[in-house]
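Note sheet for the following structure.
The values are calculated or read from the model by the stated rules, or taken from the named source; none is laboratory data. Not measured: the values here are computed from a predicted model. Reconstructed Cβ throughout: ideal geometry from the backbone, glycine too, with neighbour counts over all protein chains shown.
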């Protein structure tokens, strides 16, 4: 069995180029323009039906040299079972519905090549080269698809960057300010934090209430937005407990632990 080419049918726009390539291949192997026109036409019609069915189809062309007559097999491949279209039978010597090991359905249409003269090794290599080269239209379509994926990725990166900027601003706003620290009498306190990512999980706070200064320092495991959010939750819980005048360290830490 010689594989002459396999094409994934992603776009209707491929059909024109595929039809031309099938015509060239059949003409090359049979020397008959009428046969080439018939097989390329029916192949294009079946491919169009499979694309319209939304079954992620493909098709393959193979050459079987071991049988009594060499067979040119056009195999239409689909994930969903589809009935064999009646219009295919007049164009081929035999048509069968097969199921592959990977549960793909295959409509295998065989055309017997009764004239051997065209089946030289050189002709077969030339036939394989026909589908080995993608058309300009196929390349442009694939490029457009990849550009769409790239644009979506860039938009997601921009959105994530904006979200991180907001989280970073919130985090910097809730950390102790220099003015707040300067208001604490008889003690000089300086704090600085530079996260490894845009938002980090390092936590520090200075609480001043009723003449008592309490310093809290912590580090949330990991980096990035998730650890930064957990840090904000921790600071909110700690400041809430301070406002509630919770002075017992055991109850303070137990409540904090259950909260976060």
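In the range 52-66, the condition of being under 25 Å from residue 115 (Cβ atoms), over 34 Å from the mean Cα position of the chain (by Cα), in the same structural domain as residue 112 (by TED's automatic domain parsing) and buried (at least 20 other Cβ atoms within 10 Å of the Cβ) is met by no residue.
Does any residue of the range 46-68 turn out to be in contact with a helix residue (DSSP H, G or I) (Cβ under 7 Å, 6 or more places away or on another chain), within 17 Å of residue 131 (Cα to Cα) and free of Cβ contacts under 8 Å to residues at least 40 places away in the same chain? Yes.
Close contacts from the range 224-242, counting a first residue that is touching a residue at least 60 places away in the same chain (Cβ under 8 Å) and a second that is in a helix (DSSP H, G or I) and crowded, with 16+ Cβ neighbours inside 10 Å, with Cβ to Cβ under 8 Å and a gap of 6+ residues or different chains, come to 225/164; 225/167; 228/167; 228/168; 228/171; 229/167; 231/171; 232/171.
Condition check ((1) at pLDDT 85 or above; (2) surrounded by fewer than 18 Cβ atoms within 10 Å (Cβ to Cβ)) across all residues:
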| residue | (1), (2) |
| --- | --- |
| 74 | yes, no |
| 77 | yes, no |
| 84 | yes, yes |
| 102 | no, yes |
| 115 | no, yes |
| 122 | yes, yes |
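Taking the criterion of being farther than 19 Å from residue 212 by Cα and surrounded by 11 or more Cβ atoms within 10 Å (Cβ to Cβ), the residues of the range 237-260 that qualify are 254, 255, 256, 259, 260.
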